[in-house]
Amino acid sequence: MFVSMKDILEHANVYNYAVMAVNSVNMEMARAVIEAAQEKHSPIIINLGVGQMKKLAHPTEMVPMIREMAERADVPVALNLDHGSKFEDEISAIRYGFTSVMIDCSALPYEENVSRVANIVALAHAKGIAVEGELGHVGQAFQGDDGKVDLYTNVAQARDYVDRTGVDALAVAIGTAHGDYPKGMTPRLDFERLKELKAELRMPLVLHGGSGSGEENIRKAVECGINKINVCTDAFHAAEDAMKAKWAENPKANYLEIMAAAEAAVKRFVMDYIDMIGSADRYGYGEYLAEKEEIVVLKKTG
Ligand code: 13P
């Protein structure tokens, strides 16, 4: 099923679990991620980043292919633009057929972040496309941004931001950062802030920079209200490590063997991650529609 990210995340928000969003930059990665979700009976989100689409994952080929794979799957699959920031990025993603878009204006002054994001929300919602915003700023691990408390999301400002932009999901800065952390280091997350954000907003919250964050942190982040975890670097590493291992085992291994090893490793990685964040066995096609009814009922009475 090719679905809106909004449906996936509303369910996760109501039932307190998280769904992986994996940057999948070629056929093998997309297939590994969707097959892992299928085997685990889990919803899944495919992320494509703006830079990744320029370098390798050209949307003209990737979007129809992912859509076709998603339609064949029994589990809900969403396709999300990762870290769009310019108006043109968002509009072209909507035209290509993404089911949701992230607009990241988190490095801009607050009022500019609000007005640009509100503008995209109006356009996207008119087409039934979900929008993820970011407040506070999730930076880069190699710069030590994870420890910069002044970049973390402010709870009162987040309330104002969500009310004025109308975003469907909010990426929060609570101590993670993108990319590899220095060797041996695990980030320290501000769980108190996360709990306050969840209590105030009661909406789907997103954790960027999932890689290298440590199992204990990830499990606790889900418990405290994270519903979408973005993972890129660790998924790439799973593929790279498998390719290196294949070549070490057999230096004559050919292209087909190397690519198959990478695909199998990404699939294993995603299946294990799905178990960790609680999205396994969440719903199949029929149940999904029934669960949607339940969300509406919960919202009415809750
Ligand atoms: P990592 O590469 O650290 O997993 O971050 C991915 C991400 O947040 C994509 O938006």
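The values are calculated or read from the model by the stated rules, or taken from the named source; none is laboratory data. For clarity, every value in this text was computed on a predicted model and none was experimentally measured. Glycine also receives a Cβ, built like all others from the backbone with ideal geometry; neighbour counts cover every protein chain displayed.
Would you confirm whether or not region 230-239 contains a residue that is under 21 Å from M203 (Cα atoms), in contact with a Pro (Cβ under 7 Å, 6 or more places away or on another chain) and within 16 Å of the ligand (Cβ to nearest atom)? It would help to see each step written out before you state the result.
Within region 230-239, the subset under 21 Å from M203 (Cα atoms) is 230-231.
Retained after the next criterion (residues that are in contact with a Pro (Cβ under 7 Å, 6 or more places away or on another chain)): none.
Scanning region 230-239, I find no residue that is under 21 Å from M203 (Cα atoms), in contact with a Pro (Cβ under 7 Å, 6 or more places away or on another chain) and within 16 Å of the ligand (Cβ to nearest atom), so the answer is no.
Look through A37, A18 and report the one residue that is within 16 Å of the ligand (Cβ to nearest atom) and among the aliphatic types (A, V, I, L, M). Step through it out loud before you land on a result.
Working: A37 fails: within 16 Å of the ligand (Cβ to nearest atom).
Testing whether each residue is within 16 Å of the ligand (Cβ to nearest atom) and among the aliphatic types (A, V, I, L, M) leaves just A18.
Can you go through I66, I46 and tell me which one is away from the ligand (no atom under 16 Å from the Cβ), in contact with a Leu (Cβ under 9 Å, 6 or more places away or on another chain) and touching a residue at least 12 places away in the same chain (Cβ under 8 Å)? Break it down into steps so the answer makes sense when it comes.
Values: I46 fails: away from the ligand (no atom under 16 Å from the Cβ).
Just one listed residue meets the conditions, I66.
I'd like the full set of residues that are farther than 20 Å from H208 by Cα and modelled with pLDDT under 95, limited to region 11-40.
V14, Y15
Can you give me the number of residues within region 219-254 that are loosely packed, with under 14 Cβ neighbours inside 10 Å and closer than 21 Å to Q140 by Cβ?
1
Restricting to region 243-259, and then to whatever is in a helix (DSSP H, G or I), without any contact (Cβ under 8 Å) to a residue 24 or more places away in the chain and of a type outside the set (D, E, K, R), can you tell me which residue is nearest to the ligand (Cβ to nearest atom)?
Step one: list which residues in region 243-259 are in a helix (DSSP H, G or I), which gives 243-249, 255-259.
Filter once more, keeping what is without any contact (Cβ under 8 Å) to a residue 24 or more places away in the chain: 243-249, 255-258.
Still in the list and also of a type outside the set (D, E, K, R): 243, 245, 247-248, 255-256, 258.
Numbers: M243: 18, A245: 21, W247: 24, A248: 25, Y255: 26, L256: 27, I258: 22 Å.
Checked region 243-259; the qualifying residue nearest to the ligand (Cβ to nearest atom) is M243.
Using beta carbons and a limit of 7 Å, which pairs, at least six apart or on different chains, have the first residue in region 141-170 and more than 20 Å from A124 (Cβ to Cβ) and the second one part of a strand (DSSP E or B) and polar (S, T, N, Q)?
That search, which allows pairs on different chains as well, returns nothing.
With the requirement that a residue be away from the ligand (no atom under 13 Å from the Cβ) and either in a loop (DSSP other than H, G, I, E, B) or of a type in the set (S, T, Y) (or both), what does region 195-229 give you?
R202, M203, P204, C224, G225
So if I check each of D146, D163, D168, D150, which one is closer than 26 Å to R219 by Cα, among the charged types (D, E, K, R) and surrounded by fewer than 20 Cβ atoms within 10 Å (Cβ to Cβ)? Don't jump to the end; show me each part of the working.
Details: D146 fails: surrounded by fewer than 20 Cβ atoms within 10 Å (Cβ to Cβ); D163 fails: closer than 26 Å to R219 by Cα; D168 fails: surrounded by fewer than 20 Cβ atoms within 10 Å (Cβ to Cβ).
Going through D146, D163, D168, D150 in turn, just one is closer than 26 Å to R219 by Cα, among the charged types (D, E, K, R) and surrounded by fewer than 20 Cβ atoms within 10 Å (Cβ to Cβ): D150.
P187: over 15 Å from the mean Cα position of the chain (by Cα), within 13 Å of the ligand (Cβ to nearest atom) and assigned to a loop (DSSP other than H, G, I, E, B), yes or no?
Values: over 15 Å from the mean Cα position of the chain (by Cα): yes; within 13 Å of the ligand (Cβ to nearest atom): yes; assigned to a loop (DSSP other than H, G, I, E, B): yes.
Spelling it out, P187 is indeed over 15 Å from the mean Cα position of the chain (by Cα), within 13 Å of the ligand (Cβ to nearest atom) and assigned to a loop (DSSP other than H, G, I, E, B).
Please go through region 1-48 and give me each residue that is polar (S, T, N, Q) and within 18 Å of I229 (Cβ to Cβ), ordered by number. It would help to see each step written out before you state the result.
Keep residues of region 1-48 that are polar (S, T, N, Q), which gives 4, 13, 16, 23-24, 26, 38, 42, 47.
Across region 1-48, the qualifying residues are N13, N16, N23, S24, S42, N47.
Out of all the residues in region 117-136, which are crowded, with 24+ Cβ neighbours inside 10 Å and not small (G, A, S)?
Listed by number, the residues that qualify are V117, I120, I129, V131, E132, E134, L135.
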